[in-house]
Amino acid sequence: MGGKIKDKVSTSSSTDDLSERIDLFMSEKSDQMIEDWELATKNDITGLEKRFETATKNIGDLEKKFDEYRGSTNNKLEKIEERLEKLETPEE
């Protein structure tokens, strides 16, 4: 009996059938497997790479805007401090 099973498994048509069944199963179940196992797809990775590129390009602009904001804020604070100092210092 062992020889009969071995002969059936070792024939090329049997392995072709098995390969086709595996391919069919994977095609049918791939979306569910991706979701269940929380796998990343090529589209996921490509999208992530594009978002990363956009973020790294925008960092320079964000730094420039932050420096401008910091400069204007520091100027406003200095003017407020000067006005407070005048209010706190009695005139002679």
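The number of residues in the stretch 40-92 that are among the small types (Gly, Ala, Ser) and under 12 Å from the mean Cα position of the chain (by Cα) comes to 3.
With a requirement of 3 or more residues that are modelled with pLDDT of 85 or more and either acidic (Asp, Glu) or open to solvent by 80 Å² or more (accessible area, probe 1.4 Å) (or both), the helices (runs of 4 or more DSSP H) lying completely within the chain that satisfy it span 12-37, 42-88.
The values are calculated or read from the model by the stated rules, or taken from the named source; none is laboratory data. The shown structure was predicted, so the numbers you read here are calculated from the model rather than taken from an experiment. The protein model used for the area step is the full one, side chains on, heavy atoms only, and it has no ligands, DNA or RNA in it. Shrake-Rupley method; radii C 1.70, N 1.55, O 1.52, S 1.80 Å.
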